[in-house]
Amino acid sequence: MIWFWIATSVPIALLSLAAFSGAGWSLAAFLYMTVFVHVMDRLVHGAVAKSGAGGEFPSGARLSILLGLAHLALIGFAVAAVSGATSLGWGARLLCFLAFGLFFGQVSNANAHELIHKGARFSRRLGTLVYITLLFGHHASAHPKVHHVWVATPNDPNTPLPGESFYRFWPRAWVGSFRKGLSAENAMRNRKTPHPPNWTHPYIAYVGGAVICLMLSGLAFGWSGLLAYVLVAGYSQMQHLVSDYVQHYGLSRKLLSGGKYEPVGPEHSWNAPQFYSSALMLNAPRHSDHHLNPTRDYPSLQLNETVMPILPRSLPLMATLALWPRFWRRVMDPRVQRLQSSAD
């Protein structure tokens, strides 16, 4: 567990200093989220978590809750810094935008994803709150009720279509997951007897919470604060959606003769074995095992490179490559074709 703590705690300290202390700390935070993580991936190899003497992996619940609580402070720091309320120069504000956006997209999103899969009510609500502060609250419904059910099929808006570029994927995925998550929630509520009151609908919390966040940002920092909030949250959402794009590109479940899709298997998600970026993202790159075991604690996620598709580089690097569709297809399409041929 120590590497999860180190990888995620260092950027919290750097970002907190960057928001109030000038360009040097802003640059340090940005370089940590980019260069340092890549260098550590290249230098260190091996599993992120080691099992204890009893064969059990340590629980990551405490770190996950602390990261969720820290996020609530960091989102305020980010808006203050990017809006100019902390008197940073334009260069430092740009670096803060990039560094905070990377942290929210790669760490806060991964941690909120971990929390909403937990059985404890507090953990689920904290994960949902993190998504709400990122103006992405509907993901708390769409992810477990749509994505996990329909992943690697045309019914899942967060699975890219064959040959689809990221720029076509992300608006379709955002709108599609919002709508399908809403439909799933409505269907589930309609099955309950008696019907729950309308004010308890989770989408009221998602949309209303986002409006409250924007209002507080505007009241605290004016129009520049409102713009900063939208930009930082939008950048974070893009980070999340590009991860979905990378982790499911070109992979599909077969439609069986009875009209149902084959069960989700290890071959339906891309994975990345790199050490430090996996620690930073709470093992989110071990994506196949998560779909096979959605409630498994992140330190316990397994990676079997003989049956699970492996990305040629770390998840953050592949997400960057996905922003250039021509080069992305040149790298990934042959790998997808080889997987399809072996499956056939």
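The values are calculated or read from the model by the stated rules, or taken from the named source; none is laboratory data. A quick note: this is a predicted structure, and the numbers were derived from the prediction, not measured. A quick note on method: Cβ atoms are made from the backbone with ideal geometry, for glycine too, and the neighbour counts reach across all protein chains shown. Remember, those area values only see protein heavy atoms, side chains included, never the ligands or the DNA or RNA. Shrake-Rupley method; radii C 1.70, N 1.55, O 1.52, S 1.80 Å.
Convex hull volume of the Cα atoms of region 185-268, normalised per residue: 145 Å³. Separation of region 136-162 from region 96-114 is 20 Å, based on Cα centroids.
For region 281-324, place one equal point scatterer on every Cα, skip the solvent, and apply the Debye formula. What is log10 of I(q)/I(0) at q = 0.34 Å⁻¹? The computed values of log10 I(q)/I(0) come out as -1.21. Which whole-number percent of Cα pairs in the chain have a distance greater than 37 Å? For the chain, the share of Cα pairs beyond 37 Å comes to 16 percent.
Among the trypsin sites (Lys or Arg not before Pro) in region 138-215, those placed in a DSSP loop whose Cβ has at most 10 other Cβ atoms within 10 Å are 191, 192. Think of it as helices only: each DSSP H run of n ≥ 4 in the chain is worth -39500 (n - 2.57), and spread over all residues that comes to -20000 deg cm²/dmol at 222 nm.
Cα centroids of region 173-250 and region 13-31: 29 Å apart.
Percent of accessible area on region 216-344 owned by carbon and sulfur, 1.4 Å probe? With neighbouring chains kept in place, the figure for region 216-344 is 58 percent. Enclosing the Cα atoms of region 304-344 in their convex hull gives a volume equal to 64 cubic angstrom per residue.
Between residue 220 and residue 122, the distance separating the two model label sites (each 7 Å from Cα on the Cα→Cβ line) works out to 2.3 nm. Helices of the chain meeting both criteria, an alpha-carbon length of 24 angstrom or more along the long axis and an average Kyte-Doolittle score not below -0.5, with helices taken as full DSSP H segments, are 2-21, 61-83, 202-248. Each peptide among 220-230, 127-137 gets the average number of other Cβ atoms lying within 10 Å of its residues, and from highest to lowest they stand as 127-137, 220-230. Once the chain from residue 302 to residue 254 is taken as fully extended at 0.36 nm per residue, the excess over their C-alpha distance is 14.9 nm.
The residues packed around residue 150, meaning those with a beta-carbon under 12 Å from its beta-carbon, carry a net charge of +3 if Lys and Arg are +1 and Asp and Glu are -1.
Based on every Cα atom in region 231-340, Rg and the maximum pairwise Cα distance Dmax equal 14.5, 46 Å. Per residue, the accessible area of the chain comes to 46 Å², computed with a 1.4 Å probe over protein heavy atoms only.
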